[in-house]
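Read the structure below first, then the notes.
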Amino acid sequence: MAKPPSSAAAAAAGGRGPVHNRTRLLLVLLVAVAASASTAGFLLRGALRDPCDGRGDPAALNTAVAAGSPLGFMSSKLVLLVSHELSLSGGPLLLMELAFLLRHVGSQVVWITNQRSEETNDVTYSLEHRMLNHGVQVLPARGQEAVDIALKADLVILNTAVAGKWLDPVLKDHVPKVLPKILWWIHEMRGHYFKVEYVKHLPFVAGAMIDSHTTAEYWKSRTSDRLKIQMPQTYVVHLGNSKELMEVAEDSVARRVLREHIRESLGVRSEDILFAIINSVSRGKGQDLFLQAFYQGLQLIQHQKLKVPTMHAVVVGSDMNAQTKFETQLRDFVVKNVIHDRVHFVNKTLSVAPYLAAIDVLVQNSQARGECFGRITIEAMAFKLPVLGTAAGGTTEIVVDGSTGLLHPAGKEGVTPLAKNIVRLANHAEQRVSMGEKGYERVKETFMEHHMAERIAAVLKEVLRKSQEHSRS
């Protein structure tokens with residue numbers, strides 16, 4: 001676990017005014033790194049600024065914000081968000097970001113978690129508390145109040161395919177009345193999500209929103225061939241980086257302080273080169289193949305007698321409390337090949353900025369069909385990091401092969417190409433810098449928060465129009 005922030009780290013960013021704000025931001029991020037992932041992780045991606053910290057009339061502020069936002073037309077609209085779970089995984093957190101964007105323009109937002117644990121854990125409590133602080137109303141998934149809100153809402157957003165299980169048990173006979181105002185936001189790429197009990201109502205909703213063209217095409221063919229149902233009008237919306245993350249990425253002092261702190265906590269030197277994979281630890285994310293490629297890369301360097309900086313592999317997304325069989329296999333591989341001084345496991349966290357500031361290359365190694373989108377990829381590019389990614393899924397729509405990073409095949413056949421790409425970037429600092437700069441430019445052109453807001457706004461306008469036409473007819 002990372003060390004607590006030192007007084008020197010805080011002093012390095014000290015001062016008043018904008019610099020004082022930087023100090024506060026750094027301290028928040030460093031404390032988040034030092035704390036457990038269950039309670040600190042959401043600080044960065046949950047809209048770091050708390051509305052309670054603002055001054056003045058909130059209604060007046062919302063009106064002013066709405067006037068300048070592409071989502072301004074959602075002011076005063078009632079939006080029901082239905083998530084299959086409330087956790088530190090990408091889908092629920094992305095929906096929470098949308099909730100905060102809508103609250104920011106004055107929407108009334110209600111949140112329902114369908115698969116809520118009977119026992120409220122630290123994660124659930126922390127995330128629900130964050131939503132309540134932003135004015136998001138949190139309701140039980142079942143009960144008459146949930147039905148009433150669904151019927152009254154201007155828009156209902158189901159998040160992930162699994163959220164479809166909420167419709168029939170809760171709404172029952174009211175399902176046909178609600179379907180015309182549902183936007184179904186789908187993030188899954190795995191075959192086991194294609195079940196009739198999940199998505200049987202999919203053809204009758206107002207629209208589906210999917211994070212990449214690759215995933216949209218997969219859903220279109222899979223639902224038709226396997227389930228014999230048709231997709232509704234489908235909208236592809238690429239995601240964007242939050243303003244909070246960009247503030248850190250573009251602050252050279254913040255990056256330097258965070259880089260020094262994380263490297264010190266890992267026990268690596270400033271001149272060492274760090275390759276990191278930042279995902280929840282699971283076979284589908286490809287940490288095993290990454291470590292195999294990293295080990296091959298070390299062997300290649302030794303065999304070819306290359307003079308490169310000392311390389312380290314960082315696996316961010318571990319679970320120190322409940323090590324799975326897969327994670328145990330990862331650690332056994334490290335011990336067996338005597339690379340424990342080169343491989344570092346870091347507990348899961350969503351305070352990704354400190355790690356992005358500390359590393360030199362991001363590895364996005366999701367397997368099979370890849371990531372639906374892969375938010376961490378554009379976050380890394382914001383920090384001017386080159387990306388080594390699998391040539392699958394949404395990664396191919398983000399990474400420009402040979403320009404902003406290098407792509408390799410998914411599966412075991414991708415291990416050797418990834419190993420060679422690791423050695424290539426370790427041996428050529430100028431390529432790392434060039435790819436990082438081009439990645440940053442691509443983020444600024446395409447993957448900012450305002451880009452995402454504009455894309456989502458266009459979808460919501462169309463879905464609201466369809467819903468209103470249906471209600472009139």
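Side notes on the structure shown:
- Separation of the E197 and D401 label points, Cα + 7 Å toward Cβ, nm: 4.0
- Mean-position separation - Cα centroids, the stretch 107-164 and the stretch 328-374, in angstrom: 32
- Filter on K77/K200; K165/K220; K220/K420; K243/K438; K285/K420 - keep pairs with C-alpha separation over 31 Å: K220/K420
- Full extension of the chain segment joining R222 with R465 gains 84.7 nm, where the gain is 0.36 nm per residue of separation less the Cα-Cα distance.
- Stokes-Einstein D in µm²/s, Kirkwood radius over Cα pairs - the stretch 243-446 at 10 °C with 1.306 mPa s viscosity: 95
- Normalised by the number of residues in the stretch 243-446, the average gap of Cα pairs under 8 Å and 6 or more apart makes the relative contact order 24 percent.
- Contact order, relative form, for the stretch 108-172: 36 percent (alpha carbon pairs under 8 Å, 6 or more residues apart, mean separation divided by residue count).
- The stretch 292-358: C-alpha gyration tensor shape, a/c 1.5 cut-off, then a/b vs b/c: oblate
- The label point for F326 and the one for K444, both projected 7 Å from the Cα toward the Cβ, are 3.7 nm apart.
- When both the stretch 399-473 and the stretch 84-98 are represented by their alpha-carbon centers, they are found 20 Å apart.
- Cβ crowding within 10 Å averaged over residues, with 100-113, 256-269, 138-151 ranked highest first: 100-113, 256-269, 138-151
- Protection proxy ranking, highest mean first, for peptides 302-309, 373-380, 210-217: 373-380, 210-217, 302-309, where packing is the per-residue count of other beta-carbon atoms within 10 Å, averaged.
- Each principal axis of the Cα cloud of the stretch 92-242 was taken in turn, and the coordinate range along them, longest first, works out to 44, 39, 31 Å.
- Here the spin labels are modelled as points 7 Å beyond Cα on the Cα-Cβ line, and at H428 and S282 they lie 3.5 nm apart.
- Loop-located GluC sites (Glu not before Pro) in the stretch 433-473 (DSSP state not H, G, I, E or B) with no more than 13 neighbouring Cβ atoms inside 10 Å do not occur.
- Peptides 422-435, 389-402, ordered by how many other C-beta atoms sit within 10 Å of their residues on average, highest first, read 389-402, 422-435.
- Annotation: amide H-H contacts under 5 Å for A208 (H modelled 1.01 Å from N, sequence separation of 5 or more, or interchain): W184, Q233, T234, Y235.
- For V343, the amide hydrogen comes within under 5 Å of the amide hydrogens of A313, counting only partners 5 or more places away or on other chains and with H modelled in the peptide plane.
Read the figures in this text as sums done on the coordinates, not as results from a lab. Everything numeric here is computed off the predicted structure, so don't read it as measured data. Cβ sites come from the backbone with ideal geometry, for glycine too, and all protein chains shown count toward neighbours.
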